[in-house]
Amino acid sequence: MSALREEIRTILREELASVIDARMLPDIQRIKIENSHDLNAFARLILEKMSNPKFVEQLNSGQVMFELDDQSTSYHKVHTIPASVAKRTQKSVPTINKNLITEADIADVSAGTVLVPRSARITPLAKDEAKRKGVRIERTDS
C-alpha cells in the first residue's frame, strides 16, 4: 500500500511541477557572445530553432528567454549555450536548466544528449522517456 501511495505522490509531484514550471518559470538560456562570429552563430541557432512551432510559442510568450553571459568561464561551468556551438555543420547540445526534469521536458528533446544541472531531480517518467527516445542525460556542474 505504501508503494502505491509513493507512486501516486511521484505522479502528482511531476504533474504539478510541470504545470507550475510551464506557467511561471521561464527557461533562461545564457549565451556567450564575444565577437561577430559568435553573434552570427547565435543568429543561425535561433533560425534553426524557429522551425519548431513550440519554441516559437515559448519565445513569444516569454517562457524562453536569452541572457548574455559575460563571465569568462567554460560552457560546462555556467550552463550556457555558447553561440559558437551553433555552426551549420554541427548541432547544438540542448540544455534543460531546471531543478525538476519531467517527462514533458524530455519529450521536447530529439535523440542525442541533453545537459541538465547536477543538482536537478529527474522523475522516473522522464528517465523512461529518455530511454525510449534514445536521449542521453548528461549532468553538468553548476
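Counting other beta carbons within 10 Å of each Cβ, put Phe42, Phe66 in order, fewest first.
By the 10 Å Cβ count, ascending, the order reads Phe66, Phe42.
Relative to the present Cα-Cα distance, how much length would full extension add between Glu67 and Glu138 at 0.36 nm per residue of separation?
Taking Glu67 through Glu138 to full extension adds about 23.3 nm, to one decimal.
Could you list which residues have their amide H under 5 Å from that of Ile33, counting only those 5 or more apart in sequence or on another chain, with H placed in the peptide plane?
When sequence neighbours closer than 5 places are left aside, the close amide H contacts are Asp69.
FYI, it's all coordinate maths here, none of it is from the lab. These numbers were taken from a predicted model, which means no experiment stands behind them. Cβ coordinates were reconstructed from backbone atoms using ideal geometry, including for glycine residues, and neighbour counts include every protein chain displayed.
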